[in-house]
4 protein chains.
Amino acid sequence: MAKTIIGVMGPGEGATQKEQELAFELGRLIAEQHWVLLTGGRNVGVMDAASHGAQEAGGLVIGILPDENREQASPYLDIPICTGISGARNNINVLSSDVIIGCGVGAGTTSEIMLSLKAQKPIILLNSSDKLYQFVKSLPYPIPKLAESPEQAIRCIKEFLK
Amino acid sequence: MAKTIIGVMGPGEGATQKEQELAFELGRLIAEQHWVLLTGGRNVGVMDAASHGAQEAGGLVIGILPDENREQASPYLDIPICTGISGARNNINVLSSDVIIGCGVGAGTTSEIMLSLKAQKPIILLNSSDKLYQFVKSLPYPIPKLAESPEQAIRCIKEFLK
Amino acid sequence: MAKTIIGVMGPGEGATQKEQELAFELGRLIAEQHWVLLTGGRNVGVMDAASHGAQEAGGLVIGILPDENREQASPYLDIPICTGISGARNNINVLSSDVIIGCGVGAGTTSEIMLSLKAQKPIILLNSSDKLYQFVKSLPYPIPKLAESPEQAIRCIKEFLK
Amino acid sequence: MAKTIIGVMGPGEGATQKEQELAFELGRLIAEQHWVLLTGGRNVGVMDAASHGAQEAGGLVIGILPDENREQASPYLDIPICTGISGARNNINVLSSDVIIGCGVGAGTTSEIMLSLKAQKPIILLNSSDKLYQFVKSLPYPIPKLAESPEQAIRCIKEFLK
């Protein structure tokens with residue numbers, strides 16, 4: 001039977017220190033729940049930090065890389081999936097996750113939130129911006145959950161998985 | 001030499017009457033400038049209306065379809081490109097266009113605007129929402145141009161192409 | 001109404017002089033029939049030569065590029081489609097063409113012939129190898145047509161389009 | 001650190017009884033080596049049989065599905081990756097595997113062998129056809145290894161991984 005897969009999406013190069021700390025903690029907590037972590041797989045920002053946290057806690061980490069090879073892969077991946085399809089891989093991240101967490105705000109992250117809405121996936125926003133939230137709320141889709149902390153995000157995931 | 005390609009992105013099934021009228025007019029004006037129109041190719045909403053307007057004015061229309069076949073293609077396409085890659089084709093729309101016009105607001109359209117920011121493409125927003133604009137302005141990218149009418153959008157495109 | 005699209009697939013860097021001459025002539029003849037030429041879009045080998053021939057004869061040329069940008073695009077394209085999906089774009093070449101011509105033999109070309117079989121597209125092999133033909137004949141699909149010359153390939157296309 | 005990923009490619013609906021038996025055994029042996037099995041993920045043919053064998057032996061199984069959802073996923077997957085990119089996902093199968101085994105002969109399988117050649121991945125052919133082998137040998141790439149049995153395939157993989 002398929003394992004539960006939690007997708008954590010967030011800024012790469014532009015990630016703030018806080019976003020990376022939240023992502024690390026989120027990865028750790030996901031691993032403790034024995035869920036699989038899925039990220040965009042690169043060795044920067046939220047992707048890297050979440051993978052680091054999850055792997056340190058003994059979790060299984062899948063990275064869906066934009067590239068044809070592992071040159072820019074996070075060292076904390078168990079399973080690097082080399083798509084070679086560049087930014088189009090964002091849709092794979094979304095379609096393959098049972099729940100999607102947007103950790104932080106950025107153009108790539110927002111594209112993934114939009115694709116998640118279209119794919120009717122449960123979405124949690126952690127450390128999001130008010131402007132993003134106001135905009136997302138204005139769209140004709142179920143409103144994403146807001147989480148204030150990684151712990152709260154985990155509680156939201158449990159609600160969604162019930 | 002490659003022709004100038006103008007991408008018009010906008011809601012599909014959820015498009016309003018006004019969005020479709022603007023898209024039709026936009027398509028017509030793009031064709032009159034002898035630019036190629038590129039859309040998401042389906043037979044609904046902004047994609048269909050813009051294609052209709054452009055083809056009626058004698059323009060060349062490219063549709064980048066999500067599907068493997070033409071079953072849901074707009075009848076107003078000259079060149080239906082069947083990608084079979086579903087929502088991941090949004091990135092192809094963006095990468096292949098010299099200028100991107102977001103006509104209306106929706107989850108798919110917003111994902112394309114986000115990908116356009118990442119690809120550093122010139123963007124024009126026509127009939128956008130204030131909430132989307134406020135959010136986009138908060139991101140660390142050049143601010144898209146706002147157009148009030150198809151005619152103004154054409155003037156913006158000419159500025160970008162200079 | 002959609003134009004007739006003829007896909008010409010063949011080796012890139014590894015193309016022989018003969019393959020390029022055949023491709024140039026094929027492109028020219030396709031343009032003379034007012035069909036649209038579709039290729040893999042790069043500035044080498046069969047893709048480039050066919051595009052050159054078609055554009056010189058006043059035809060319309062679409063190139064489905066593996067890359068995110070036009071850096072390696074053939075200068076003879078009217079419409080460069082930047083997919084950013086690397087070798088996965090081979091399936092788009094196939095799905096978007098009404099008839100596929102494999103001009104020459106190579107690993108990429110053969111992958112496109114295989115995808116054409118799966119997509120149940122009419123296939124013509126020009127300047128193919130006996131080993132490829134013997135292998136293709138052994139698969140449980142309709143047998144591709146063999147053409148000895150670009151002129152014969154055009155006659156085969158006309159048969160398929162009837 | 002990334003785990004070792006072995007890709008097993010082979011016919012789906014058209015797989016023979018023998019191909020499925022070989023695939024089951026191959027999956028089992030791959031799991032016993034503590035390698036990760038990667039397949040095309042669907043619930044038919046070689047993909048399904050290899051996944052079955054690997055999961056029964058306690059291995060980890062990744063399936064790279066062509067679809068947007070899990071409706072046609074093998075029940076023996078641990079990690080179903082929903083690509084939504086249809087046949088274009090064949091390139092992801094290849095790029096993500098350390099070694100590729102073609103088990104049986106078919107159009108899709110052959111497209112994956114061709115993409116593996118281009119990606120310079122080690123290839124093993126198990127229960128292949130002489131016509132396919134003769135053709136592959138004629139291409140300007142390293143010649144794939146032929147394996148007579150799943151056990152021999154495992155020995156070949158070990159050679160490649162040295």
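The values are calculated or read from the model by the stated rules, or taken from the named source; none is laboratory data. Note that the structure is predicted; figures quoted are calculated from it, not measured. For neighbour counting, all protein chains shown are included, and Cβ atoms are generated from backbone atoms with ideal geometry for every residue, glycine included. Remember, those area values only see protein heavy atoms, side chains included, never the ligands or the DNA or RNA. Shrake-Rupley method; radii C 1.70, N 1.55, O 1.52, S 1.80 Å.
Distance from the C-alpha centroid of segment C:130-153 to that of segment A:145-160: 58 Å, rounded to the whole angstrom. Buried surface for the D/C pair, taken as the accessible area of each chain alone minus that of the pair with a 1.4 Å probe, is close to 1600 Å² in total.
Using the Cβ atoms and a cut-off under 12 Å, what net charge is assigned to the surroundings of D:E32, where Lys and Arg are +1 and Asp and Glu are -1? Walk me through the numbers on the way to the answer.
Values: positive: D:R28; negative: D:E25, D:E56, D:E151.
Value of the local net charge: -2.
Extents of the protein assembly as shown, largest first, come to 64, 61, 33 Å (Cα atoms, principal axes, whole angstrom).
Taking only the C-alpha atoms of segment C:65-136, Rg followed by Dmax gives 13.1, 38 Å.
Pop out the carbon and sulfur fraction of the accessible area of segment B:43-144 as a percent, whole number, probe 1.4 Å. The partial results should precede the final answer.
On the way: 1300 of 2950 Å².
C and S atoms contribute 44 percent here.
Beyond 26 Å between alpha-carbons counts as too far, so tell me which of D:K18/D:K118; C:K118/C:K145; D:K18/D:K137 fall in that bin. Going by Cα-Cα distance, D:K18/D:K118 fall outside the 26 Å limit.
Each helix, a run of at least 4 DSSP H residues, gives -39500 (n - 2.57); summed and divided by the residues of chain B, these come to -12500 deg cm²/dmol at 222 nm. Taken over the C-alpha atoms, segment D:96-162 has Rg and Dmax values of 11.0, 31 angstrom.
Once you have the alpha carbon radius of gyration of chain D, what is it after dividing by 2.2 N^0.38 Å, with N set to its residue count?
Numbers: Rg = 14.0 Å, N = 162, 2.2 N^0.38 = 15.2 Å.
Output field value: 0.92.
For D:K3, give me every one of the lysines with a C-alpha distance below 18 angstrom, ignoring sequence neighbours fewer than eight places off in its own chain. Counting by Cα, and skipping residues close in sequence, D:K3 has these lysines nearby: A:K3, D:K121, D:K158, D:K162. Each label was represented as a point 7 Å from its Cα along the Cα-to-Cβ direction; for C:E56 and C:E148 these points are 2.5 nm apart.
With the alpha-carbon atoms of segment A:1-50 aligned to their principal axes, the span from lowest to highest coordinate is 37, 17, 12 Å, starting with the largest. Probing with 1.4 Å while keeping every protein chain in the model, the per residue accessible area of segment C:37-162 equals 33 Å².
Using r as the Cβ-Cβ distance of B:H34 and B:Q134, and R0 as 22 Å, what FRET efficiency do you calculate, to the nearest 0.05?
On the way: r = 35 Å, r/R0 = 1.61.
The value I calculate is 0.05.
Mean silhouette area of segment C:1-91, derived from the convex hull of its C-alpha atoms and averaged over all directions, reads 5.4 nm². Projecting the Cα positions of A:G106, A:N91, A:L161 onto the charge dipole of chain A (unit charges on Cβ atoms of Lys, Arg, Asp and Glu, taken about the Cα centre) puts A:L161 furthest along the positive direction. Counted over segment B:44-144, the DSSP beta bridges are approximately 0% antiparallel.
Is any residue of segment A:62-106 close enough, with backbone N under 17 Å, to a label point placed 7 angstrom from the Cα of D:F160 along the Cα-Cβ axis, and if so, which? Those under the cut-off are A:69-70, A:80-82.
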